[in-house]
Structures are given as C-alpha cells and as structure tokens.
Amino acid sequence: MTMVQRKRAAKLQKTMYLYSKSGRARLLMLLVAVLQITIIAVASISGIKNDEAYLVAPCAAMFTFVQFMACLFPVGVDSSINERVTQEAYHGSAMPAKFMCSLPFEARDLLNFKVCLWEKAAAVNVLFVTLGHISALIVESRGYAVYHGVAGLFTLMAIIDEALFIVPFLIKSTKVNVVMCVFIGFSFSFAGVFIDIVPDMSADTMALLKIFSGISGIIIYIAATVIIAAAGELYIKYKKNVSWNMFK
Amino acid sequence: MNNTILNISGLTKNYKDFTLDSASFEIDQGTVMGLVGQNGAGKTTIIRLIMNMIDRNGGTVKVCGLDNIADEIAVKNKIGYVSDESFFFYNTNLARTAKACAIAYDNWNAAKFADFLKKWELPEKKKISAFSKGMQTKAMLAVALSHDPELLILDEPTAGLDPVARIEILDLLRDFVSDGKRSVLFSTHITGDLDRIADVITLIIDGQIRESMSIDAIEDRYAVISGANNKLTSANEKYTIGLRELNTGFESLILRENLSKFEGVSVKNPNVENLLTFSIWQNRKESSK
C-alpha cells in the first residue's frame, strides 16, 4: 500500500468516524485503553515493594485483566467496532452504504482501509501483550507469582477470542479477519501451554523459561502482525475489478 | 470539441436470473435524460454500475472522458447522486452529514448547502430518519448539488412524492441543466415526469436498451394507431409493436414509416408512456413465443 493510498484510507476512516456513532464509541474505548495502560504502568513500576504484599494480588489480577483486554480491546476496538463501521459501508444495509459509495473515494480505498485496520489491530495486540509481559516480568523479578494460575486464563481467552470474533467473521466472511483471530487464538493458546508446563512460575530457577514464555508470546504476535500486513498487501495487490460490491 | 458528459459502452452485468446486455448510450451537456423501463428492467443496475457500486462483467463507463473505475475519485467529484431511498446513516443529521461531505469532496460548498437547507426548510439538527420522504429526497439533492457536480444521477427521485414536491424537484432539474454545461440522468417509471422535463429518453426492457432518442424523435418515428379489428390483417399485423386486441377493436404502436400498411385507422402521436407500454407488451409477446 502506498502512502497516497494510506492517506486516502485514513480520509475515508475519518469520514466514517465523523459520521457514525460507533466511530465515536471507538474513540471512547481507545481512551479507556490508554487509561488502563497508564494504570498498569504506574502499578507495575512503582506500586510493588517486597513489604507491600497486599499490592501484589490486585496487581496480578490487573495483569490478567491486561491479558484479557489484550484480546478484547485491540480486536474489539480496532476490528470489531471498526469493522462494524466498515460493514455499514461494505456489507451493511443499502442505505448508509450508498452514501459512502457516492462520496469521492475509490472502492479500493475501502480495501486499503480494511487492511489498515487489520494491521493496526494486530499491532495494538503486540503492544498490549508486550506491555503485559514486561510488567509481569518486572513483578516476577521481585519474587511474586504473577503467572500463577493464569495459564488456564490464556486458554480461556483464546476460546473467547475465537467465539467472539471468528464465528461472526466466518459468517460475514472477511478472510483476513478470520486469519487474524486464528493467530490471536493460537497466541493465547501457546502462551497458556508455555505457562502450563512450568510447575512453579515464581521459582527463580525457572526465570529463563519465564522469559522464554514471555518472549515467545511477543514473537508470535509480531509474526502475526507481519503476516497479516503481508496478506493484506497481497490481497489488495492481486484483487482485480474492485467495486464497492454492495449488492451481491 | 467533445460535449459528451456520460458515455456508456457495452455495459454488461450478469446475475443469476438477470443480465444487463451490452448497454450503450450517451448523454450530452445540457441534457436531461430519462432512463425508463418497467420494474426490474435494469435501470438501477445501470446506475449502480456507473457509481461502481457493483462489479461489471464488461463494457466501459466514462464521465467527462474519465473512466469511472480508473478515475473513480475524480468521477465521483463530478457526480451528484440521489438514491431512490434515503441513503444517509441512521440517526444522523444534516449538520454531521455536511461535515463528512466537507472532508470527502474537493469542492464542497458549505454556504450553498446551508442555502439549500434554508430554501427547503430542512432542519440541520433533526435526525434524518424523522424526515418525511419528500424531505429526505430534498436532503439528498442538497448534498448532491452542493459540490457543484457536472452530472446529476437520480434513481427514481420522484417515486412516493406528493405532486407539489415532485414538480419542485423536476423544476430544479430543469434549472440545473439550464447553463448548457451540466446534465441529468434520472430513472423513473413515472412517464409523466419524462414528458415534463426530459430531452432524451433511453428505454430499457429486460436488460436491453431498446431506444435512446430525443423526446421529439418519438413522434417523428412512431405512431399509435387504433381501429376496428377487421382493419387488422395477417399482412399488416407483423408491423405492429405491442398489439392489443380487444372486443371493441385494436390498438398498437407502429413505426411511422409503416403507416401506409394500415387503412381506415385512427392515428395519434405517441408519448413516452405509449412507447414504454407498447414496447413491454411486444417484449412479452416475443418472450412467450
């Protein structure tokens, strides 16, 4: 995708967001996400001390919450909500779609716009998971068991991810979104497996494995991002006769 | 100098149960063209193809010499589009719509849009979903006209409107082309609208363009005849178009050049409705053979 195409896709996105309630909802949710990152950062860096064990439990809970949000927010915000806006124009009822289509955008801009969303969703996933892992490792290095009991949650999140996003996207058939959700699901599953094979994550002797666990999750997410971006680019490059394709 | 605003050539779209078959026609500057045909004839399909809303299977669409897909942005800037139903997002209002248009269009004229709202008494902050049908059509027209388009495309704009709103919109279309540089394409099956403002009509039946001619040429080319059934013979029946035989007599459209084949019949000049209805009946007759 060229810079010009990206700019036009951004212009289309801006028009859609300005024009739709779900776009404004997305901005609100992003604000919540930013607030959450701030809380996590403050809690993980300055809130934990050896003699303040009572802080660990809520922090640990928060980290699991982060991991959960790592699934829900990026996919939820950047794919589901955006996708809903997009689908109003792309798959939705003829009424809003006709309006977007009558505006001076190329049908290809919509494809570019969708790929931008997929890339962004994947990138934000990486950001959240990285933050979660780094924060968890900081707390672990202070001798507290953050990952304890979280393994099952990772698996649960993978299932939720697939249930929430794959099934609807299969029905609405946006292939790259399906691929993305599969990757996210796999990532959580892998993370769960890595943690599950470690009997006691708080033991210092397992530090290397803990780091490996964290890094592997990040690598999987980065790989997913790169693959999604590449798949999106190829999808646009080789798709011929692009129309708004509203009335099938 | 080429003064063609819209050039459609060999436009084809295949559906499972319908085919738009190699449609071709042109619209010159300063012209109002009525795209006329029965429901399901392919009028809306042509408009959707011009707007690149659907994939085409063949042919080309050029607006002011620009391809509607290769130069989609430039083409959309030149087109004002009015749908047969309100196309705005649900629960939005015209103020927010204007903001979206200002981002999208290169030459959006906010003052002109405000003038239209004032002139047509359209509330800026009221939800569009609460507008009447006439208000919604006027709102779409206000959007379509506020970026100075060269071609206005309207898909059955007058359907469901009261007579006053209809006449106001038709007058507006006539004003729009009065400078001789801009054109209108509008689809309708209300033939009275075409008699009122169209310069040219394009008749489409079952996905095929049957005629694309000036309104004046209809009278030059065709005639409607009627008479007693005994005036219809096996020799002259083949010259009829959409023949209707009743107990009281027959009625048919014919090419004016074939008038001499019929003796003792009444002759009158056809209007758009005659051309449409007799052509449809002829098509049904041929399809049933």
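So what does the Cα-only Debye profile of region B:41-198 read at q = 0.09, 0.11, 0.20 Å⁻¹, as log10 I(q)/I(0), no solvent term? Debye curve over Cα of region B:41-198, log10 I(q)/I(0) at q = 0.09, 0.11, 0.20 Å⁻¹: -0.28, -0.43, -1.47. With +1 assigned to the C-beta of every Lys and Arg and -1 to the C-beta of every Asp and Glu, and no other charges, what is the dipole magnitude of region B:180-243 about the Cα centre in debye, to the nearest 20? Dipole size: approximately 60 debye. Computed packing ranks the peptides B:33-39, B:225-231, B:60-66, B:187-193 as B:33-39, B:187-193, B:60-66, B:225-231, most packed first, by mean other Cβ atoms within 10 Å. Within region B:1-112, the proportion of C-alpha pairs whose separation exceeds 20 Å stands at 50%. Positive contributions from Lys and Arg (+1) and negative ones from Asp and Glu (-1), summed over other residues with Cβ under 13 Å from the Cβ of B:A102, come out at +4.
At a Förster distance of 45 Å, what's the computed FRET efficiency of A:R6 paired with B:D195, Cβ-Cβ distance as r, to 0.05?
0.35
Ranking B:K285, B:K16 from most to least accessible surface, computed with a 1.4 Å probe over the protein chains only, gives B:K16, B:K285. Normalised by residue number, the volume inside the convex hull of the Cα atoms of region B:168-289 is 123 Å³ per residue. Here chain B yields Rg over Rh of 1.03, to two decimals, using C-alpha coordinates and the Kirkwood radius. Summing charges over neighbours of B:D171, with a neighbour being any other residue whose Cβ is under 13 Å away from its Cβ, gives +2 when K and R count +1 and D and E count -1. Other protein chain C-beta atoms within 10 Å of residue C-beta, averaged over B:69-82: 3.
Residues whose amide H lies under 5 Å from that of B:G242, counting only those 5 or more places away or on a different chain, are B:Q282; hydrogens are built 1.01 Å from N in the peptide plane. Other residues with beta-carbon under 10 Å from the beta-carbon of A:E106 carry, at +1 per Lys or Arg and -1 per Asp or Glu, a net charge of 0.
Across region B:75-117, how large is the tail of the calculated P(r) beyond 14 Å, expressed as a percent of all Cα pairs? For region B:75-117, the fraction of Cα-Cα distances above 14 Å is 57 percent.
Here's how it looks for B:V184: its modeled amide H is under 5 Å from those of B:T31, B:V32, B:M33, B:L152, which are all 5 or more places away or on a different chain.
Taking 25 Å as R0, compute the FRET efficiency from the Cβ-Cβ separation of A:Y235 and B:K99 and round it to 0.05.
E(calc), rounded to 0.05, equals 0.20.
Quick check: at a probe of 1.4 Å, how many percent of the accessible area of region B:151-254 sits on carbon and sulfur atoms? List each step's numbers first, then the result.
Working: 1960 of 4420 Å².
Carbon and sulfur atoms account for 44 percent of the accessible area of region B:151-254.
Might you report the magnitude of the Cβ-based charge dipole of region B:1-153 about its Cα centre, with Lys and Arg at +1 and Asp and Glu at -1, to the nearest 20 debye?
Numbers: 18 positive and 16 negative charges, 142 e Å.
My answer is approximately 680 debye.
The relative contact order of chain B, computed from alpha carbon pairs under 8 Å that lie at least 6 residues apart in sequence, is 21 percent. Karplus-derived 3J(HN,Hα) values for region B:273-287, using 6.51 cos²θ - 1.76 cosθ + 1.60 with θ = phi - 60°, are 4, 4, 4, 5, 5, 5, 5, 5, 4, 4, 4, 4, 4, 5, 5 Hz; glycine and proline are entered as x. Site pair B:S22 and B:A235 shows an inter-label distance of 3.6 nm when each label is modelled 7 Å from Cα along Cα→Cβ.
Applied to region B:118-134, the Karplus parametrisation 6.51 cos²θ - 1.76 cosθ + 1.60 on θ = phi - 60° returns per-residue 3J(HN,Hα) values of 5, 4, 9, 6, 9, x, 6, 9, 6, 4, 5, 5, 8, 6, 6, 4, x Hz, with x for Gly and Pro.
The values are calculated or read from the model by the stated rules, or taken from the named source; none is laboratory data. Everything numeric in this text was worked out from a predicted model, so none of it was measured. Neighbour counts run over all protein chains shown; Cβ positions are idealised from the backbone, glycine included. Side chains are part of the model used for accessible areas, which takes the heavy atoms of the whole protein and leaves out ligands, DNA and RNA. Shrake-Rupley method; radii C 1.70, N 1.55, O 1.52, S 1.80 Å.
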